[in-house]
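As structure tokens, the structure follows; a few thoughts come after it.
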């Protein structure tokens with residue numbers, strides 16, 4: 001759906017539900033990279049917004065949105081066809097006004113406040129994603145992005161590396177072809193498959209990893225029983241754990257001091273809790289995650305075995321709201337390209 005159509009649909013739903021008047025203002029020249037300007041009137045109160053229009057946004061888009069609105073967040077209104085539920089909460093927590101085409105919104109400016117969060121997204125409004133972009137498909141994509149030569153090995157090798165059922169591999173490869181991410185070429189006279197538009201595929205994987213797969217891998221929040229542990233985390237003697245997120249960024253770049261300690265493991269949660277002396281705490285700064293790839297992948301990555309693969313650390317940090325985390329992500333990308 002085109003931008004103006006999204007805006008008009010959102011305006012219609014909002015005015016129908018609230019009785020307020022929201023309308024696009026005619027302007028000769030837009031300022032501050034805005035897509036439109038709208039005026040909101042309710043009773044005797046009125047205010048205007050610069051509008052950013054998107055069909056759909058993901059967590060990876062949030063840092064760019066924060067850069068766009070800068071310190072004048074209340075002046076902007078993000079209008080989207082569809083916003084994933086977890087992202088709506090993040091937008092609200094960041095005091096970013098948003099309006100979804102279905103009418104869901106968070107708008108707070110100049111004494112006006114609207115918060116609607118119960119409008120159902122109808123099927124035709126939902127983004128269409130194939131099975132490739134579900135949990136198993138994202139695991140498959142992760143390993144072939146790390147090791148593209150797997151595409152030319154038996155399907156059972158790919159399935160083992162991705163820790164998914166063998167029957168998934170053929171359909172996933174066909175879907176990659178259909179979406180233009182897989183092409184056939186030759187090497188030494190032999191026909192081989194290779195990834196095309198790799199950067200675009202990586203970006204889409206990062207978006208959906210954080211929205212779809214990562215929440216399923218989370219085993220809970222904890223805190224260290226030893227208060228000195230956050231200062232001595234590099235010296236921890238624990239087997240079968242891999243640092244992700246901020247600790248991975250610190251180990252891979254020597255640039256970051258972690259505040260949130262992300263740990264990926266194959267071991268049962270209770271065993272890691274005992275090893276690292278962790279106690280459950282929903283507000284704790286330690287999060288346990290499940291390893292979702294065959295750890296033998298490290299044999300070819302040739303990086304610090306205490307961390308997750310650099311691409312995964314990058315994916316977690318580049319979508320952070322913390323500018324230092326995003327800078328660390330860029331350093332990882334420069335140091336470990338591909």
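The values are calculated or read from the model by the stated rules, or taken from the named source; none is laboratory data. Model, not experiment: these values are computed from the prediction. Glycine also receives a Cβ, built like all others from the backbone with ideal geometry; neighbour counts cover every protein chain displayed.
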Give me the pairs, please: first residue somewhere in region 1-17 and assigned by TED's automatic domain parsing to the domain that holds residue 116, second residue anywhere and exposed (fewer than 13 other Cβ atoms within 10 Å of the Cβ) and in a helix (DSSP H, G or I), beta-carbon distance under 6 Å, and either six or more positions apart or on two chains.
none
From the residues in region 33-45 that are out of contact with any helix residue (DSSP H, G or I) (no Cβ under 8 Å at 6 or more places or on another chain) and in contact (Cβ under 8 Å) with a residue 12 or more places away in the chain, which one is surrounded by the most Cβ atoms within 10 Å (Cβ to Cβ)?
40
Given (1) modelled with pLDDT under 90; (2) outside any helix (DSSP H, G or I); (3) buried (at least 21 other Cβ atoms within 10 Å of the Cβ), residue 208 misses just (2)
Could you tell me whether region 137-147 includes any residue that is surrounded by 15 or more Cβ atoms within 10 Å (Cβ to Cβ), out of contact with any strand residue (DSSP E or B) (no Cβ under 6 Å at 6 or more places or on another chain) and not in a helix (DSSP H, G or I)?
yes
Counting only residues that are surrounded by 17 or more Cβ atoms within 10 Å (Cβ to Cβ) and assigned to a loop (DSSP other than H, G, I, E, B), region 237-259 contains a total of 2
Restricting to region 148-177, what's the tally of residues that are assigned to a helix (DSSP H, G or I) and in contact (Cβ under 8 Å) with a residue 24 or more places away in the chain?
12
Between a first residue in region 325-338 that is farther than 20 Å from residue 261 by Cα and a second residue that is buried (at least 16 other Cβ atoms within 10 Å of the Cβ) and at pLDDT 90 or above, which pairs have beta carbons less than 6 Å apart while being 6 or more apart in sequence or on different chains?
333/314; 336/310
Any chance residue 185 is touching a strand residue (DSSP E or B) at 6+ places or on another chain (Cβ under 7 Å), assigned to a strand (DSSP E or B) and not assigned by TED's automatic domain parsing to the domain that holds residue 291:
yes
Identity of the residue in region 191-202, surrounded by 15 or more Cβ atoms within 10 Å (Cβ to Cβ) and assigned to a helix (DSSP H, G or I), that ends up nearest to the chain's Cα centre (by Cα):
202
Report yes if residue 230 is touching a helix residue (DSSP H, G or I) at 6+ places or on another chain (Cβ under 7 Å) and not assigned by TED's automatic domain parsing to the domain that holds residue 59, otherwise no.
no
Matching residues in region 63-82 - criterion: being over 23 Å from residue 210 (Cα atoms), at pLDDT 80 or above and not in a helix (DSSP H, G or I)
72, 76, 77
Which residue pairs have Cβ atoms under 6 Å apart, sit 6 or more places apart or on different chains, and have a first residue in region 64-85 that is more than 19 Å from residue 104 (Cα to Cα) and a second that is surrounded by 19 or more Cβ atoms within 10 Å (Cβ to Cβ)?
69/76
